[in-house]
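All remarks here apply to the structure that follows.
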Amino acid sequence: MTADERMLAFGQRVREARKSRRISQERLAEMAGIDRSYMGNIERGEKNITLKKVYELCDALEIKIEELV
């Protein structure tokens, strides 16, 4: 799996976790301290985010990191 494929898969898992909790993209971005447009980039696999941001998303979604990576 290439890095791009991994970023796409990560973004899809973030989106699935967000939608299963019925949280809007805008609300999740706010909860995680991420700009809304950047959140969209993450979910589309367009951004290679830092580990710190991954943990902030996990905290906002109340999930373990293993569910996203």
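Of the residues making up region 1-8, none is among the small types (Gly, Ala, Ser), surrounded by 15 or more Cβ atoms within 10 Å (Cβ to Cβ) and touching a residue at least 12 places away in the same chain (Cβ under 8 Å). The set of residues from region 21-67 being part of a helix (DSSP H, G or I) and in contact with a Gly (Cβ under 9 Å, 6 or more places away or on another chain) comprises 25, 29, 41, 42, 43, 53, 56, 60.
Among residues of region 38-54 that are farther than 16 Å from residue 5 by Cβ and among the hydrophobic types (A, V, I, L, M, F, W, C), those with a Cβ under 8 angstrom from a residue that is surrounded by fewer than 16 Cβ atoms within 10 Å (Cβ to Cβ) and modelled with pLDDT of 95 or more, sequence gap 6+ or separate chain, pair up as 39/26; 54/65.
Residues that are polar (S, T, N, Q) and farther than 21 Å from residue 6 by Cα within region 24-37 comprise just one, 24.
The values are calculated or read from the model by the stated rules, or taken from the named source; none is laboratory data. These figures come from a predicted structure and were not determined experimentally. Here Cβ is always computed from backbone atoms with ideal geometry, including for glycine, and neighbour counts include all displayed protein chains.
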